[in-house]
Amino acid sequence: MDKMPKWADVLLIPLLNLVLALVVSGLVVVLIGQDPFEAMAIMVRGAVGSTYGWGYTLYYATNFIFTGLAVAVAFHAQLFNIGGEGQAQLGSLGVALVCLFVPWPHWSLALAAAIAGGALFGAAWAAIPAYLQAKRGSHIVITTIMFNFIASALLVYLLISSLKAPGMAPETARFPEATRLPFAQDVFAAIGIDWSRSPLNVSFLVGLAACWLVWLLIWRTRLGYEIRAYGQSEPAARYAGISQVKIVMVTMLISGALAGLMGINAVMGEQQRLLQDNVLGAGFVGIAVSLMGRGHPVGVLLAAILFGALYQGGAELEFETSVPREMIVVIQALVILFTGALDNMVRDPVSRMFLRWGRRKPTPQPAGD
Amino acid sequence: MDFLTVIQILDSTVRLAIPLLFACLAGLFSERAGIVDIGLEGKMLVAAFFSAAVAALTGSVWLGLLAGIAAALIFALIHGLASITFRGDQLISGVAINFLASGMTVLIAQDWFSQGGRTPSLSGTGRFNSIDLPGANALEAAHAAAESPGMGLSAIYWELLSGHTILVYVGFLAVPITWWVLFRTRFGLRLRAVGENPGAVDTAGVSVVRLRYAAVLICGLLSGLAGAYLATGLAAGFTRDMTAGRGYIALAALIFAKWRPVYALGACLLFGFLQAVSNRFNVIDLGLIEIPNAFVLALPYILTVVILAGFVGKAIPPRAGGQPYVKER
Amino acid sequence: MAFQDTDTGRPGAAPDPSPGNRGDGATPAIELRGISKSFGPVQANKDIAIRVMPGTIHGIIGENGAGKSTLMSILYGFYKADAGEIRIHGKQTAIPDSQAAISAGIGMVFQHFKLVENFTVLENVVLGAEDGALLRPSLAKARKLLKQLSDEYELHVEPDAKIEDLGVGMQQRVEILKALYRQADILILDEPTGVLTPAEADHLFRILDGLKREGKTIILITHKLREIMETTDTVSVMRRGEMTATVRTADTSPEELAELMVGRKVLLRVDKTAAQPGAPVLQVEDLRVVDSQGVERLRGVSLDVRRGEILGIAGVAGNGQSELLEVLGGMREGQGRVLVNGEPIDLTGTRSDARTRRRRGIGHVPEDRQREGLIMNFYAWENVAFGYHDDPAYNRGPLMDQAAIRADTEAKIAKFDVRPANAWQEARNFSGGNQQKIVIARELERNPDLLLVGQPTRGVDIGAIEFIHEQIVALRDQGKAILLVSVELDEIMSLSDRIAVMFDGRLMGERLPSETDERELGLMMAGISDTGGDHDIAEVERNLAHPSGDPHKES
């Protein structure tokens, strides 16, 4: 049934799914004795009501752009990378090593090196599950999940041993001042605009560039063509001479690298040191972002900003009411559920509706069985 | 390591294997019917929370158990709705369920108890208490009194076999029952068929949807037991994300067991043993060799990957697994 | 001539098939009135009416997409008709699901068997028709009944064999036994001979005759005119969702039926001149393929294909033909020696894939266009580049030159008359024939020295079949070598210049089309090389008990 216009597929249905997820979330808020409309108002005000709110919203969004793109790229090859969390943790480690052990003269050089470091470490962490999938047929969903656990154990180990800074807390020393990325408030101040303090930094621009590059990769290059073809049909890929091992490996390396890049925003941009967990679930948010964004970089960007707002709004909500932060996890779960798994619940009736409209001006079609 | 230590590790193996075993059998029913379930983790978690919460509120662990099972069943129904009725992606549905459980449990725990996302500690009738097999205490006392080596063997009885909660024994019983249901009943035949070729079941005049829902609900029931045991048997209350990846390990055990009940028991005992050993390593100082604590923590996951990569390369999952059934000629 | 226009809706339209046998007042075993069904904008069945008398074989013939299978799915409760009624033995019967169809006495043998592969025959037979909650008594009862049934109808099957170990002919018997075990008295068979050797097909029709004599009613759906002519009592023709005629088989001819199916006169023979073979293009020596399960699928195949000739490979699906095409097309590894234009090609390693094969001048029209030849969700223009996407003409620097690909697509669409002529339509929205034209256009326009062709006309309407056959012959006449694999013996016979028969991973021998016939090829397809002597069906069956092959292609 192909009678549904494209705009309905890419806009209407995701929007309806989102509304459903928000309505159910509202019911959850009612369940724990709060006013959902007030909660919504607090969240919206907190997220986009000030430059402070926007700063945090876009800061979170930057994380989700990277993890969302990571999941999206893998999805195009029909690979479900649940390992964004672990890959981002390793990426953070890569960024931290670059910042800690090389005396950089200027932040821009440090940023370039950190991009390389984060991408490399993230990719490396995706490489083993990718190899096992490509060569041994071990299901990538299970192996990437396991690698999340292993990554967090590895970080715990490093932060209580070789990388530990003096003191009680399991964390590294602060990065040298030269590696500090310009914050939004610095940039805006330079052109005379007053912007509140927030962790939003130039990594956001790197995120935007990543969106464009991923778009180029998937829809304009041969590799992207091969990735999409492989994702649609494995036997067809073999028929066309597209190597399964190559696609699985390369796609997962790109995916892992993108997830790893999250480290430049969270570690280099904000924390300025490596903690036991800099990622804080952003790897999983990437799944929701990618599903909402329908795997398209523009969609991912919009969905990332939406989730950024949700995170920032959720933080305000916890601050002003007794709704804990976990509310965000619930909303995120519901978005994944409605856009990813219950998609047909909305899609079937909507396409039936379009079919009924479409029937008024019938188009001749060959009969098929 | 003396004999008693070995027995103690095995005893702890049994305790730790039980939640894995329930979850693994839960996954077995679901996947044998063609519904892949990575939401075992989430179902265990809600069951753990609601069993502990209701046990804490009513003081009855049995009411807690029922509440836990009910919660897991509701989550199983969500998974069924997504993957059977609306033919959605089963992996994504599972992921959503895990997050939903992770967020909801803390949210509700905070709302009900305001203890930072945990339930109050359970005690007395709020927990499943251990059952002493006849004569176990007497034997243990005798062992403590006489240090003869022959008495050591009796520890197998009073330490390893006796002194578990009722759910442990139920768990072991669930293995032959599962086998019998799958391979000796009409329901089992149909269930296995629907996971291999739902078209065959459908054209034979049996409802694919109903069969798969039945499988998903059995999965909910068993993961409910797993979660309830975790919070009211193994531990004394709920803490946030207390399943700690057990649902995923159960899944790995299921693959390792090639979707067979008896092998599942073996796989779960192995993984339980790994956990028991790693718990033991936390406190035992090895002296010469220094194994990082974090490595021990990660060992079950590393081994799962190793097992997935090597030994089960040719494990053949049910053929129709993961695919929604759409009628076609 | 006894054509009846069913559009008048007169239920008494079908002629009594067996005069003298049954009186005029007999009730039809099955009667459909005014059945209509549409899927969205597509009208698959329009006001269909059929009457089938008990104890007869009724054929339904029509092209791919004519709506035959939709109609049968309605009869078996898979789809609900939008309008119309079904009468079984005169009684109006609602068939909301398969359970209802079964209780109404309808049994269906689907084209793609509905069997659980890792279950035994017995388990498959009792599935859904068990006697109680426990399995053991059901199985014991079924074992006894199965024995009775197989004796009665010559349907011998080993009850404890696993389906995956059985040949397709045996699997089909299990399907028939399933229906009989459920006491079906109306048996519907959908394209039952597609996977059978001629001898097996003959045996199947003898079984059906036996069932007919017992008073069972049989509906046979097929696109093969010969089967209709040889086995049915009455026949209905479907075209574009409508029933264009119902007629007594004795009163019609294949030419007439073909015209009714297509709506115009059709050529049943391929027009071609004698081949002018030149130097060998493809030389294969002792080719072996072992699949991932460790089963040897090709056991030492040697053959030559020369310039300007078509070598046809005949055989029952799953005897290694797919593997032969795949290894030559670079989709699978093999051992042995393969020369193309006198130069060896790698059969393993990194220089053995479809890409390197294309560079060596090998074009490949794969057996399964939907799984292999096309990406169904890609636009037509994206599919035109498929496999050749690294062609410099399609690329500009690191990016693909989409404008160039689209321009090329427009040209190919025009030349091969692909309809609709829309480069921006996704492959899945083209009809089977037009999908195949896209694949053929892509592969032929590359001007390959060697063309591998698998099942070129499967699921393709007659108009497109003619066109595709013409294109293949034209390529031959340009001096190209063509290796054709098809399970349609007619296609092999009419297109090939030489015919090789494959059985169980080996070539049984070669014949010239002018010097052989279907009977001889049929015996060779069953692994019998001594084609002069007498052979009974039991021998054929013994040979076919364990054919190897990729099950997804057995259709």
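Could you run through the range C:100-118 and say how many residues are more than 7 Å from chain B (Cβ to nearest Cβ), within 27 Å of C:F205 (Cα to Cα) and over 25 Å from the mean Cα position of the chain (by Cα)?
Adding up the residues that qualify gives 4.
Answer yes if at least one residue in the range A:219-233 is more than 9 Å from every other protein chain (Cβ to nearest Cβ), among the small types (G, A, S) and either outside any helix (DSSP H, G or I) or farther than 23 Å from C:R396 by Cβ (or both), and no otherwise.
Yes, the conditions are met somewhere in the range A:219-233.
Given the conditions (1) surrounded by 24 or more Cβ atoms within 10 Å (Cβ to Cβ); (2) in contact with an Asp or Glu (Cβ under 9 Å, 6 or more places away or on another chain); (3) within 10 Å of another protein chain (Cβ to nearest Cβ); (4) in contact (Cβ under 8 Å) with a residue 60 or more places away in the chain, and given that A:Y239 satisfies all but one, which numbered condition is not satisfied?
(4)
Could you please find all residues in the range B:211-232 being closer than 24 Å to B:R186 by Cα and open to solvent by less than 20 Å² (accessible area, probe 1.4 Å)? Before the answer, list the steps.
First pass over the range B:211-232, keeping only residues closer than 24 Å to B:R186 by Cα: B:211-223.
Answer for the range B:211-232, where residues must be closer than 24 Å to B:R186 by Cα and open to solvent by less than 20 Å² (accessible area, probe 1.4 Å): B:L211, B:R212, B:A215, B:V216, B:C219, B:G220, B:L222, B:S223.
What are the residues in the range C:371-411 that are part of a strand (DSSP E or B) and more than 7 Å from every other protein chain (Cβ to nearest Cβ), if any?
Passing the criteria: C:Y379, C:R396.
Looking at (1) outside the structural domain of C:G505 (by TED's automatic domain parsing); (2) modelled with pLDDT under 95; (3) surrounded by 17 or more Cβ atoms within 10 Å (Cβ to Cβ), can you tell me which one C:E382 breaks?
For C:E382, the failing item is (2).
Checking the condition among the hydroxyl-bearing types (S, T, Y), closer than 30 Å to C:F430 by Cα and buried (at least 16 other Cβ atoms within 10 Å of the Cβ), which residue from C:T56, C:T70, C:T120 passes?
Answer to the check: C:T70.
Yes or no: the range C:433-441 includes at least one residue that is at pLDDT below 95 and in a loop (DSSP other than H, G, I, E, B).
Within the range C:433-441, not a single residue is at pLDDT below 95 and in a loop (DSSP other than H, G, I, E, B).
Got a sec? Which of B:R184, B:R190 is exposed (fewer than 15 other Cβ atoms within 10 Å of the Cβ) and within 14 Å of chain C (Cβ to nearest Cβ)?
From the options B:R184, B:R190, the qualifying one is B:R184.
Could you please tell me which pairs satisfy a Cβ distance under 7 Å, a separation of 6+ or placement on different chains, a first residue in the range A:290-316 that is more than 14 Å from chain B (Cβ to nearest Cβ) and more than 14 Å from A:D9 (Cβ to Cβ), and a second residue that is open to solvent by 30 Å² or more (accessible area, probe 1.4 Å) and among the hydroxyl-bearing types (S, T, Y)?
Close Cβ pairs satisfying both conditions: A:G308/A:Y60; A:Q312/A:Y56; A:Q312/A:Y60.
All but one of (1) more than 14 Å from every other protein chain (Cβ to nearest Cβ); (2) under 25 Å from A:A257 (Cβ atoms); (3) surrounded by 15 or more Cβ atoms within 10 Å (Cβ to Cβ) hold for A:L208, so report the exception by its number.
Just one mismatch for A:L208, condition (3).
Condition check ((1) open to solvent by less than 60 Å² (accessible area, probe 1.4 Å); (2) closer than 30 Å to A:F354 by Cα; (3) within 13 Å of chain B (Cβ to nearest Cβ)) across all residues:
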| site | (1), (2), (3) |
| --- | --- |
| A:M4 | yes, yes, no |
| A:L11 | no, yes, no |
| A:F37 | no, no, no |
| A:M40 | no, no, no |
| A:V44 | no, no, no |
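Could you list all residues from the range C:119-146 that are over 27 Å from C:I219 (Cβ atoms), among the polar types (S, T, N, Q) and facing chain B (nearest Cβ under 8 Å)?
C:S138
Step by step: first the residues of the range C:318-346, then only those that are among the aliphatic types (A, V, I, L, M) and open to solvent by 10 Å² or more (accessible area, probe 1.4 Å), then the one that is nearest to the other protein chains (Cβ to nearest Cβ). Which residue is that?
If we filter the range C:318-346 for residues that are among the aliphatic types (A, V, I, L, M), which is where we start, we get C:324-325, C:327-328, C:331, C:338-340, C:345.
From what's left, open to solvent by 10 Å² or more (accessible area, probe 1.4 Å): C:331, C:339, C:345.
Numbers: C:M331: 5, C:L339: 20, C:I345: 13 Å.
Restricting to residues being among the aliphatic types (A, V, I, L, M) and open to solvent by 10 Å² or more (accessible area, probe 1.4 Å), the top hit is C:M331.
Being under 17 Å from A:R180 (Cβ atoms) and either open to solvent by 10 Å² or more (accessible area, probe 1.4 Å) or of a type in the set (S, T, N, Q) (or both) is the filter here, so list the residues in the range A:259-274 that pass it.
A:N265, A:E270, A:Q271, A:Q272, A:R273
Residues in the range C:22-34: is at least one modelled with pLDDT under 75 and within 23 Å of C:F205 (Cβ to Cβ)?
Scanning the range C:22-34, I find at least one residue that is modelled with pLDDT under 75 and within 23 Å of C:F205 (Cβ to Cβ), so the answer is yes.
Only one of (1) part of a helix (DSSP H, G or I); (2) out of contact with any helix residue (DSSP H, G or I) (no Cβ under 8 Å at 6 or more places or on another chain) is not met by B:I218, so which one is it?
So the condition that B:I218 fails would be (2).
Please verify whether A:A123 is in a helix (DSSP H, G or I), away from chain B (no Cβ under 14 Å) and either closer than 30 Å to B:I316 by Cβ or open to solvent by less than 70 Å² (accessible area, probe 1.4 Å) (or both), treating the condition exactly as stated.
Judged against the criteria, A:A123 is a match.
From the list C:M72, C:M53, pick out the single residue that is touching a Pro at 6+ places or on another chain (Cβ under 8 Å), assigned by TED's automatic domain parsing to the domain that holds C:V235, among the aliphatic types (A, V, I, L, M) and in contact (Cβ under 8 Å) with a residue 60 or more places away in the chain.
Checking each option against the conditions leaves just C:M53.
Which of the residues belonging to the range B:78-127 are free of Cβ contacts under 8 Å to residues at least 60 places away in the same chain, part of a loop (DSSP other than H, G, I, E, B) and at negative phi?
Answer for the range B:78-127, where residues must be free of Cβ contacts under 8 Å to residues at least 60 places away in the same chain, part of a loop (DSSP other than H, G, I, E, B) and at negative phi: B:F86, B:D89, B:Q115.
Table: residues versus (1) touching a helix residue (DSSP H, G or I) at 6+ places or on another chain (Cβ under 7 Å); (2) of a type outside the set (V, I, T); (3) modelled with pLDDT of 85 or more; (4) assigned to a loop (DSSP other than H, G, I, E, B).
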site	(1), (2), (3), (4)
B:Y248	yes, yes, yes, no
B:A253	yes, yes, yes, no
B:K258	no, yes, yes, yes
B:Y263	no, yes, yes, no
B:C268	yes, yes, yes, no
B:S278	yes, yes, no, no
B:N282	yes, yes, no, no
B:D285	no, yes, no, yes
B:L288	no, yes, no, yes
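Can you run down the residue pairs with Cβ atoms below 8 Å, 6 or more apart or on separate chains, where the first is in the range A:102-117 and more than 17 Å from A:Q89 (Cα to Cα) and the partner is of a type in the set (D, E, K, R) and open to solvent by 60 Å² or more (accessible area, probe 1.4 Å)?
A:W107/A:R180
I need the full set of residues from the range C:354-372 which are touching a Pro at 6+ places or on another chain (Cβ under 9 Å) and closer than 19 Å to A:Q78 by Cβ, in order please.
Passing the criteria: C:D368, C:R371, C:E372.
Could you tell me whether the range B:233-243 includes any residue that is in a helix (DSSP H, G or I) and either open to solvent by less than 20 Å² (accessible area, probe 1.4 Å) or free of Cβ contacts under 8 Å to residues at least 24 places away in the same chain (or both)?
Yes.
How about the range A:1-105: which helices (runs of 4 or more DSSP H) wholly inside it have at least 3 residues that are among the hydroxyl-bearing types (S, T, Y)?
A:51-76
Looking at C:L311, C:L325, C:L260, which one is part of a strand (DSSP E or B) and of a type outside the set (K, R)?
C:L311
Does any residue of the range B:59-76 turn out to be more than 14 Å from chain A (Cβ to nearest Cβ), aromatic (F, W, Y) and part of a helix (DSSP H, G or I)?
Yes, that holds for at least one residue.
The values are calculated or read from the model by the stated rules, or taken from the named source; none is laboratory data. Model, not experiment: these values are computed from the prediction. Here the Cβ is made from the backbone with ideal geometry for all residues, glycine too, and neighbour counts use every protein chain on show. Quick note on the areas: whole protein, heavy atoms, side chains included, nothing else; ligands and nucleic acids left out. Shrake-Rupley method; radii C 1.70, N 1.55, O 1.52, S 1.80 Å.
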